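All of the numbers you see were taken from the coordinates with simple rules; none came from a lab. As the structure is a prediction and not an experimental result, all values here were calculated from the model. For neighbour counting, all protein chains shown are included, and Cβ atoms are generated from backbone atoms with ideal geometry for every residue, glycine included.
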Amino acid sequence: MESLLMEESVRQKMTAHLALVGGTNSDNLMRWMLAAAMTSALASRLNWAGKKDMRCSESKKPFKDTTLQHSMFVAAVQQFNPKLTDKDYSKTVKKWLCYAPEREGGIPRNQTQVKRTRVKLRLPQQTLFPWFIQYKA
């Protein structure tokens, strides 16, 4: 797909098509564009910077350097917000890519992290120090 998008005419058509996907705001539009452009299986093999994921043995490919990413950014700017920053755009894309394995049918992220909570034991003083009460009396 990247090789096809190197051609200017194809890239312009892709940008126009992505802008037609629709959404209620720029974040929503970006999520819909991502879902329209790639499957969850493909998105599971990508992340923003392309660093190795500690949860799997394979390295992920960078999405930020792709022509598709650039077309999506241009479409989002054209469709919704001319003041959209790279930071806001990348934040939405990173989050969407982060949850791709869950959408594909993997283990949800919130179940992989074990939550540890402290439990404070509140007992009456007589239960904890019965000898102190007897000595005090």
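Here are the numbers for this structure:
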| quantity | calculated |
| --- | --- |
| Subset of the stretch 72-89 (residues that are assigned to a helix (DSSP H, G or I) and more than 12 Å from L34 (Cβ to Cβ)) | V74, V77, Q78, Q79, D86, K87, D88 |
| Inter-residue pairs, beta-carbon under 6 Å, first over 14 Å from N28 (Cα atoms) and in the stretch 76-94, second among the aliphatic types (A, V, I, L, M), 6+ apart | Q78/A19 |
| Residue count, the stretch 19-34 (criterion: within 13 Å of D88 (Cβ to Cβ) and surrounded by 19 or more Cβ atoms within 10 Å (Cβ to Cβ)) | 3 |
